[in-house]
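Report on the following structure.
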Amino acid sequence: MNFKTIGIKGKFGKLLGKLYVPFYIMIYGSRFHGKSTVALMLADELVKQHRFKVLYVANEEGAKGTMQEKVVRLGINSPIGIIEDYNPKLFRDYDVVFIDSTQTTEVSHEELVELKKQFPRTSFVIINQANRDGTSKGGTKYEHLVDAIMHIENKSATMEKNRFPQGSPETIKIF
């Protein structure tokens, strides 16, 4: 069998390595540590480097002024679709869909399994909140459905799980 891989330059390439397409990534961390910021930066790199059509479901923060301020502050000018309401009917035309967050959209691990079946060529990046003890909300159920788990803490990222070749286990300052 042959599987398509793509490389990403920069910090995300060092962390993730070569992504199999489609890919499934979970980003998680505690409140105010930069999960959404890192996710938006990754979305921007996927558009710039691979011309992927990206949809960002900003259900937790909302598609409002604070999101616009974040996009401007980060210097993101890629054509990323940003919506607030979770609606899988809109996913059909996208290469990558970011769901921020699984807790606020109430996307269960069973629904993620169905999304992967319904959109077999679409990659998904899910953003999860963390419990008080630092573990991902939703437990291990989501962890088994993704290729990679990126933990965000204090504006840095560490890969806790990575099935992609050439990824790094080291902690990297993202912003």
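Observations on the model:
- In this entry, Lys14 passes the filter for residues that are in contact with an Asp or Glu (Cβ under 9 Å, 6 or more places away or on another chain), surrounded by fewer than 18 Cβ atoms within 10 Å (Cβ to Cβ) and not in a loop (DSSP other than H, G, I, E, B).
- Among the residues of segment 24-33, those that are surrounded by fewer than 20 Cβ atoms within 10 Å (Cβ to Cβ) and not charged (D, E, K, R) comprise Ser30, Phe32, His33.
- Some residue of segment 81-95 being part of a loop (DSSP other than H, G, I, E, B), over 22 Å from Ser108 (Cα atoms) and either open to solvent by 30 Å² or more (accessible area, probe 1.4 Å) or touching a helix residue (DSSP H, G or I) at 6+ places or on another chain (Cβ under 8 Å) (or both): no
- Residues satisfying the stated conditions in segment 17-50, i.e. among the small types (Gly, Ala, Ser), part of a loop (DSSP other than H, G, I, E, B) and under 26 Å from Pro120 (Cβ atoms): Gly17
- Number of residues in segment 64-73 that are under 17 Å from Val125 (Cβ atoms) and either modelled with pLDDT of 95 or more or open to solvent by 50 Å² or more (accessible area, probe 1.4 Å) (or both): the value is 0.
- Residues in segment 131-152 that are within 15 Å of the chain's Cα centre (by Cα) and either open to solvent by 40 Å² or more (accessible area, probe 1.4 Å) or of a type outside the set (Ser, Thr, Tyr) (or both): Glu143, Leu145, Val146, Asp147, Ala148, Ile149, Met150, His151, Ile152.
- Residue that is nearest to Asp133 (Cα to Cα) [pool: residues in segment 42-63 that are modelled with pLDDT of 95 or more and open to solvent by 40 Å² or more (accessible area, probe 1.4 Å)]: Glu45
- Residues of segment 51-80 that are outside any loop (DSSP other than H, G, I, E, B), closer than 24 Å to Tyr28 by Cβ and not β-branched (Val, Ile, Thr): Leu55, Tyr56, Ala58, Met67, Glu69, Lys70, Arg73.
- Yes/no for Pro169 being closer than 18 Å to Gly17 by Cβ, free of Cβ contacts under 8 Å to residues at least 12 places away in the same chain, touching a Ser or Thr at 6+ places or on another chain (Cβ under 9 Å) and not in a strand (DSSP E or B): yes
- Some residue of segment 72-85 being in contact with a Lys or Arg (Cβ under 7 Å, 6 or more places away or on another chain) and of a type outside the set (Lys, Arg): yes
The values are calculated or read from the model by the stated rules, or taken from the named source; none is laboratory data. Because the structure is predicted, anything quoted here is derived from the model rather than measured. Please note: Cβ atoms are built from the backbone with ideal geometry, for glycine as well, and neighbour counts cover all protein chains shown. Note: accessible area is taken over every heavy atom of the protein model, side chains too, but ligands, DNA and RNA are not part of it. Shrake-Rupley method; radii C 1.70, N 1.55, O 1.52, S 1.80 Å.
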